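Some notes on the structure that comes next.
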Amino acid sequence: MQPNAKTPITIAGAGLAGALLATLLARRGHAVEVFEKRPDPRRKGYEGGRSINLALAERGLDALRQAGLQDVVMAQAVMMRGRQVHLAEGGEQLQRYGRDDSEVIWSVHRGRLNLALLEAAEAAGARIHFNQRLDGVDFDARRARFVNDHDRTAREIDFEAMLGCDGAGSGLREALRPHLDLAERFEPLGHGYKELEIPPAADGGFRIEPNALHIWPRGGYMCIALPNTEQTFTVTLFLPMQGEPSFHTLPDLASARALFERDFADALPLLPDFDAQWTENPVSGLGTLRLQRWHLDGRAVLLGDAAHAMVPFHGQGMNCAFEDCIALDRHLAAAPDFESAFAGFEAERRPNADAIQAMALENYVEMRDRVDDADYLLQRALEQVLADRHPGRFVPRYSMVSFTCIPYATAFERGKVQRQILVDATKDCASLEDVDLAAADALVTGRLAPL
Ligand SMILES: Cc1cc2nc3c(=O)[nH]c(=O)nc-3n(C[C@H](O)[C@H](O)[C@H](O)COP(=O)(O)OP(=O)(O)OC[C@H]3O[C@@H](n4cnc5c(N)ncnc54)[C@H](O)[C@@H]3O)c2cc1C
C-alpha cells in the first residue's frame, strides 16, 4: 500500500505526539483517524495526569514551526535563560544555558499545548475520537478494538496502518508483543517525583526569578521549579523511592516538612499550601523504556514515549517525540510503502532515541550533584571559552541538544570527546587563568572535526 496515495491512517493517542502527527499527515492529504482514551479536554478539562509544564527546546520548536503552531504556543511560553541554582549553604547563582537570549529554553503548559495541537489537527481535517482506548488489535485482519472506559461500550474498526502515539503505557505496544520480538526492557530509575505549586506573590507577580529553571541540587536528590504564565511555579521534588532520605522514609507530613526545612529552606516559605499539597499530590515513578524493534512490517509503528520513554532530566521527551513526528511524516511522504517508511523511520530514530535516553540519565547526576562543584564550574567556564574560540567545532553538548537539531547520537558522541578535552585541559588547574589555552585549542582541533 502506497502511504503517499492519500491512504487512511489510524493513530492511537492524541497526546503531544499523536496530535502533532495527525496535523502533519492530515495536511498532506491523508484521511487521519485518531483514537484517544481520555475525554475531550475542551469539554471535560484537561486530564493530563503528570508534569504540568514542560521545557520546550529548539527541536520541539522546529517541529511546531513546521506545523505552523509556533506563534500560538510561544504566546503562552515563559523564557528560561538558565539554571538558577539554590545553594545548600544559601544564596543563588544563575548558570546560563547558552551565550545569550537567543539560546534559551521555554516553559510551556502541557494542557494548553495539547489543546492547541488538537485544534490544529482538527483544523487540518483529522478526526479525533475521544474516550476511545485501544484495547486489542487483530493484525492479520487489520482490525482494532477500542473501549470507552466511561460507558464500557466497545467498537471495532478496520485500519491500514496504525501509528502508536499512546505514551509510555502504550496499548499498541502491548498488542504487538505476541507478534513481534520487541526485546522490551523497562529500567526503573529507582527515584520518583512529586509536584507542588508556588502561588503568585501578594501583588500578583512571580515570587522568584521568572526567567529561569530553578534547581535546588542536594547530591542524591533535588527540587526544580519551572515558571508558568499565571505567575506560579511548578515545583518537582525528585527523590529516591527507598533509602535515606526517600519517599519511603517520608511516611507523614511531619517528616516531609522536616526534609524541606533542612534541605530546601528557601523553598518552603514559597509553598504556603505545602501541607495540603504534600498530602494530596501523588508520588510517580520514572524510568527508561528500551525496545529493539518499533514496527511490525507495514502494519504498525511506535513513536514518542510508546517507543522510548525516558527520564525527564534533559527536558527532551516531548522534544524528541515531536522530532519523531517530523521524521515519520518525512519517511511516509518519501517511501514507496508503509513497510519501508516505518523501517526507514526506525533506522533513523532508534540510535537517536538511545542517545537522548543516555544523556537524560547522565543529566540527572549533573543537575542534582554537579552543578555546585568547583571542578564542574571550571569545566563549564572553559567550555564557554572554547565554544567562543571554536564556533562550529566545539559546541557544548547541552547546546547541541537544546539549541540545534543536530542528531542526538552525534551530540552524544561529540559530547564524550568534548568532556575529555575539558578534563584533560583543566587537569591540576584551580581556575581558568591556570588553563593553557593554546594546548586546549590544539586538543579541540586535533580531536573534533568541524560540524
Ligand atoms: C515529570 C515529567 C517531566 C517532563 N518534562 C519534560 C520537559 O520538560 N520537556 C520535554 O520535552 N519532555 C518532558 N517530559 C516528557 C514528556 O512528557 C513526554 O516525553 C511526552 O509527553 C511524550 O509524548 P507522547 O505523545 O509520546 O505521550 P503522551 O504525552 O503520554 O501522550 C499519550 C496519549 O495517548 C493516550 N493513550 C494512552 N493509552 C492509550 C490507549 N490504549 N488508547 C488510546 N489512547 C491512549 C493518553 O491519554 C495520551 O493522551 C516529562 C515527563 C515527566 C514524567
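Read-outs: derived from the displayed coordinates by stated rules, not from any lab. Just so it is clear, the structure is predicted and the values come from calculations on it, not from any experiment. Glycine gets a Cβ as well: all are built from the backbone with ideal geometry, and neighbour counts include every protein chain shown.
Scan around I128 for amide H atoms under 5 Å from its own, H built in the peptide plane at 1.01 Å from N, and keep only partners 5 or more places away or cross-chain.
V34
Could you give the dipole magnitude of the chain about its Cα centre, charging the beta-carbon of Lys and Arg +1 and that of Asp and Glu -1, in debye to the nearest 20?
1060 debye
For I105, which sequence-distant residues (separation of 5 or more, or a different chain) have an amide H within less than 5 Å of its own amide H, given hydrogens modelled in the peptide plane?
M80
How large is Rg/Rh for the stretch 120-161, to two decimals, with Cα atoms and a Kirkwood Rh?
Result for the stretch 120-161 is an Rg/Rh of 1.04.
Relative to the Cα centre, what is the charge dipole magnitude of the stretch 221-266, using +1 at the beta carbon of each Lys and Arg, -1 at the beta carbon of each Asp and Glu, and rounding to the nearest 20 debye?
The dipole magnitude comes to about 60 debye.
Among L268, A55, L289, whose Cα projects farthest towards the positive end of the dipole of the chain, with charges put on the beta-carbon of Lys, Arg (+1) and Asp, Glu (-1)?
Going by the charge dipole, the pick is L289.
So, in the chain, how many Lys pairs have Cα atoms under 26 Å apart, if the pair is 8 or more places apart or on different chains?
Step by step, the pairs that qualify in the chain add up to 4.
Identify, among F345, Q418, L332, the residue whose Cα sits farthest towards the positive end of the charge dipole of the chain, taking +1 on the Cβ of Lys and Arg and -1 on the Cβ of Asp and Glu, with the dipole about the Cα centre.
Towards the positive end, the residue furthest out is L332.
Using only alpha carbon pairs under 8 Å that are at least six residues apart, calculate the relative contact order of the stretch 133-249 and give it in whole percent.
18 percent
Could you order peptides 233-242, 70-79 by the average number of other Cβ atoms within 10 Å of their residues, highest first?
233-242, 70-79
Which three numbers, in whole Å and largest first, are the semi-axes of the equivalent ellipsoid of the chain derived from its Cα gyration tensor as √(5λ)?
They are 38, 28, 20 Å, listed from largest to smallest.
Please compute one quarter of the surface area of the Cα convex hull for the stretch 136-223 and express it in square nanometres.
11.4 nm²
Using each residue's phi in the stretch 391-400, evaluate 6.51 cos²θ - 1.76 cosθ + 1.60 at θ = phi - 60° and report the 3J(HN,Hα) Karplus result to the nearest Hz, with x for Gly and Pro.
Listing the rounded values in order: x, x, 10, 9, 10, x, 4, 4, 5, 4 Hz.
Please pull out the direction-averaged projected area of the stretch 199-283, using the convex hull of its alpha-carbon atoms, in nm² to one decimal place.
The orientation-averaged projected area of the Cα hull of the stretch 199-283 comes to 5.6 nm².
For the charge dipole of the chain, defined by +1 on Lys and Arg C-beta atoms and -1 on Asp and Glu C-beta atoms about the Cα centroid, which residue among P450, V235, A144 has the Cα displaced farthest towards the positive pole?
Toward the positive end, the furthest listed residue is A144.
Quick one: of the DSSP bridges fully inside the chain, what percent are antiparallel, nearest 5?
If we restrict to bridges inside the chain, about 75 percent are antiparallel.
Any chance you could check the Cα centroid distance between the stretch 379-434 and the stretch 177-226 for me, in angstrom?
So the separation of the two Cα centres works out to 26 Å.
Looking at the chain, do any whole DSSP H helices span at least 24 angstrom along their long axis by alpha carbon and average -1.0 or above on Kyte-Doolittle, and which?
Helices meeting the span and hydropathy rule in the chain are 317-334, 338-365, 408-425.
Return a whole-number percent for the relative contact order of the chain, with Cα pairs under 8 Å and 6 or more residues apart as the contact set.
Worked out over the chain, it gives 18 percent.
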